[in-house]
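Colleague: The following block contains the structure, expressed as C-alpha cells.
Derivation of every value follows stated rules applied to the coordinates shown; laboratory data play no part. The structure displayed is predicted, hence computed values, not measured ones. Cβ sites come from the backbone with ideal geometry, for glycine too, and all protein chains shown count toward neighbours.
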Amino acid sequence: MTQAVVNIPGRALIWLIASFGVLILPQLARLPIWLIAACIVLAGWRWLAQTGRVRLPGRILRTMVMLAVVAVYVATVKGNFSVDTAASFFVLAVGLKWLETRASRDFYVLFFILIYLAAVNFLFEQGIVWTLLNLLGVVCLLVGLQVLNAPGLSGAIMAGWKRLAVMLLKTLPVVVVLFLFFPRMAPLWSVPLVSDRGVTGISDTMTPGSISNLAQSSKRAFRVTFGGQVPAQRDRYWRGLVLDQFDGETWAQQTVPGYQRPGRIALDGGIGDLAANEYDVLLDASNQRWAFALDNSEAVSNNVFATPENLFVFQRPADTTVRYRLAKVPERRDSVPVPLSAEQRRQYLQLPADGNPRARALAGQLAKNSASAREFLVAVLYRFRKDEYFYTLKPPQMPENGIDSLLFDIKRGFCAHYAGATTFLLRAAGIPARVVVGYQGGENGVGGEYLIVRQYDAHAWVEAWLPELGWVRVDPTAAISPARIESGLREAMADEGSFLENDWISPQRYGDVALVQWASLQMDRINYNWQRWVVGYQGQSQMDLMSRLPGGLGMRELGYLSAGLVGFALLVAGLITVWRQHTGGSGDPRLRLVYRWHRLLEYSGMVVQPGETPDQLAHRAGQQYPEARKPLEAFARAVNNHYYGDTGSARRVPSHDIARMKRLLSLLRKHLRRSGGRQSQKR
C-alpha cells in the first residue's frame, strides 16, 4: 500500500533538502560511503515522489527499508559504539525521515531535527569554514520555513533573505555583547569525543616505515606563538614521547597509560601576554595525551603536566583543539646529573636476546676504539656522515634483521630507521639510550606571527645518557641530511622529488607558487585567530580580558553586568514594541498616517468602528465636525487613491504625497480644536 504526497510546496522541500546536504558536509569524512549513498537515495526518493514520478512507500515497505539500513549500520559498527557512531546513526535517522515527510507537520519536525544536526556538527568541526557552512544550512532552513508559510507570494524567497539579513543585523550586537560578557563557566558534565576513527598524527609505537608515511601528509599538527625570539630552524625539536622498548622490529613505550575516567580536557590553558621566554601552543585534535614541547621547558598553564622523562601530557586525550602554554628555562650544565637507577639502566639498555648480529659486532668494535661514551657517539655520527647513507621518503622494505640491512647493505632510510639503528648501537655498546618521537621544524605563518608545524615535520631522534651531562640529544638525520634539520623536509627531498608527491590538492606541495602559498597562509591565519579568540574564549581567557578593563571585573561583577545588559536589551525591545504599537506598527508610512488619523478622531470624541472604510469614517466625522469636512474628505480620498486607485500599493509612495497627507492631518487638527474636540494633544 502506498500513500500520496500532500501539503508540502515543492520550493520549500528544495530548501529542506539543500539544508540537509549542506549540514552533512562537515561529517563526510566520518560517515561511511554506504551511509552517504543511502542518504542521497532516500532524499532523492522523496523529491521524485514530490514530482509525481514515484510514490512514497507505505508502512510495510517503509518498515522493511528501515530494518535493512539499520541492519547494515549494526554490521558496520560491530559493537564499537562512540560519539562518532552515534552521530552517524543520527544522520541515518534523518535520512529515513524523508520517507515520512508528507505534510507540513513533518516539515516542522525535520526543521528542528536539522537544527539539532547543525549543533551536532560542532562536536567534530569548529573551524570558521565549517561554522559558516553550518550557518548556511540553518539559513536555508529558515528560508524554506518562510516559503512553506507563504508558497504563492511573489518574491517570497528574496524577501525571506532580506528579512533574515535584517534580523541578523539586529541581533548580532546583542550576541557579541553576551559572548564577551556573559560568564563562561565550566560545563556541569563532560562528554569525551571517543572516536573510532583515528586522527592523523604520531602514535605510541614506531616501525621503520611509520613516520615516512606520516611525512606524506600536510595536515596541521599544531601552531606556536612565541613571546620573544623564535628559535632557529635547527633548534625546533618538539619532544612528544619516549619509546624505550624494542622487540626486534617495533619501538614502543615500556609503560602504557592506564585507564582514565571519561571526561573532557581543559581547553583554555594560557592567558595574558606572553613573557619573553614563554610560548603558546594551539594543538589540533590528536586523540592522544601527549603535548609537544621544546627542550628545557616547564608548564605555565594548568592543563599540562610534566613527566619524569621531561615530557608533557594532558590529563585526558586531546579530542579537540587544545591551547596550552610553556616556558623555556635556561639549560643548567654546572651541576652533575643524578645517576640512573639500576632499574632505569635496565630499561634503557633493553634489547632482544638475539638478532642483528652485525650491528652488535659493530657496536662492540666502536666501543673498543672509544675512550668514552661521547667518543662512541662521535664515531657513530662520523660513520653516518662519511659513508654513503641516504635520507629518503621511499625506503625499501626491510628484511629480517633490518638494522643490519640498513647499516651494511641498503643504507637508505628515513629518520625512524636511523634513530632506531642508532639507539640499538648505543645500547649494544652499554650506553643507555632511547628513541624520542615528535616534530622538528615548522614554517612561518603570515608575517612571522606564529609557527605552523605540520605532519610532514614528524621526526624521530635519539637521546643518550652521558654520566657527566645527563640525557643528550643525538640526531643521526642531521649527520646524513643536514638540509632536513636546517631547512625542512621540502628542501631535503628536492632532488628526490618525493615531497607530498601523492597529495595533489595540498597547497604546501606547491611551495614555489607564491599566490598559492599566500592564500594558504592567509586562510590559516583566519582560522588560527578564530580558534584562539572565539572557539578558545573560555573562562580564564574571559577573566584575563575583563581584568584589562577599567575596574578589573571579576566573576561577580561580570554576572551583574551580564544581567544588566540583558535587562537593558529587554527594556529597549519593550520600548520599541510600545512605540510601534503607538504609531501603528507598520513599515508603510501611509498606514502610520491612517493610524494617526484614527487616534486624532478618537481623541476628539469619536469611536472608530471596526471595518469602517475611510469614506465612511470621513462622512460620519464630517457630520459631527462640519468645519473639518473638507480636510477629512481629502485625507480619505488620498488613502483610497493609494490603495484602490491606479497607482497601486506595489508602487513606491512619492514623498510629496506623504507630505500632503501630513499637511491635511495638521489642518484637520486645527479644525477639530476650533470645533471643540475634547482632545488637543498633538500626535
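Colleague: Which shape class applies to the stretch 449-537: rounded if a/c is under 1.5, otherwise prolate when a/b exceeds b/c and oblate if not, where a ≥ b ≥ c are the square roots of the Cα gyration tensor eigenvalues?
Modeller: oblate
Colleague: Continuing with this model, one more query. Which whole-Hz ³J(HN,Hα) couplings does the stretch 303-310 yield from phi under the Karplus relation 6.51 cos²θ - 1.76 cosθ + 1.60, θ = phi - 60°, glycine and proline marked x?
Modeller: Computed from phi, the couplings for the stretch 303-310 are 9, 10, 9, 7, 10, x, 8, 6 Hz.
Colleague: Under 24 Å from the Cα of Lys630, which lysines turn up, not counting those fewer than eight places away in the same chain?
Modeller: Hits, sequence-local ones excluded: Lys662, Lys670, Lys682.
Colleague: Just list whichever of Lys368/Lys411; Lys368/Lys394; Lys78/Lys219; Lys219/Lys386; Lys170/Lys219 have alpha carbons separated by over 31 Å in the model shown.
Modeller: Check vs 31 Å cut-off fails for Lys368/Lys394; Lys219/Lys386; Lys170/Lys219.
Colleague: List the residues whose amide H sits under 5 Å from the amide H of Phe222, counting only those 5 or more places along or on another chain, with H placed 1.01 Å from N in the peptide plane.
Modeller: Under 5 Å from the amide H of Phe222 lie the amide H atoms of Asp284, Val453, each far enough along the sequence or on another chain.
Colleague: Can you run phi through the Karplus equation (6.51, -1.76, 1.60; θ = phi - 60°) for the stretch 468-473 and list ³J(HN,Hα) in whole Hz, with x for Gly and Pro?
Modeller: In residue order, the calculated couplings are 8, 10, x, 6, 10, 6 Hz.
Colleague: If a/c stays under 1.5 just call it rounded; otherwise compare a/b with b/c (prolate if a/b is bigger, oblate if not). Do that for the stretch 10-181, with a ≥ b ≥ c from the square roots of the Cα gyration tensor eigenvalues.
Modeller: Working: a/c = 2.63, a/b = 1.23, b/c = 2.14.
Oblate is the answer for the stretch 10-181, as a/c is 1.5 or above yet b/c matches or exceeds a/b.
Colleague: Next question, about the same structure. Order of 350-357, 14-21, 567-574, 35-42 by packing, highest average Cβ count within 10 Å first?
Modeller: Output ranking for 350-357, 14-21, 567-574, 35-42: 14-21, 35-42, 350-357, 567-574.
Colleague: Now for a separate question. Sequence-distant or interchain residues sharing an amide H contact under 5 Å with Ala293, placed H: which?
Modeller: Hits under the 5 Å cutoff: Arg239.
Colleague: In addition: Report the label-to-label distance for Val472 and Leu96 in nanometres (one decimal), using points 7 Å from each Cα along the Cα→Cβ vector.
Modeller: 6.6 nm
Colleague: For the pair Lys411 and Ile658, how long in nm is the line joining their label points, each one 7 Å along Cα→Cβ?
Modeller: Once both label points are built, they end up 8.9 nm from each other.
Colleague: Provide the gained length on full extension for the span Ala371 to Glu486, in nm with one decimal, where the gain is 0.36 nm per separating residue minus the Cα-Cα distance.
Modeller: Taking Ala371 through Glu486 to full extension adds about 38.3 nm, to one decimal.
Colleague: Long-range amide H contacts for Asp319: which residues qualify at under 5 Å (H placed 1.01 Å from N, peptide plane, sequence gap of 5 or more or a different chain)?
Modeller: Correct list: Ile265, Asn287.
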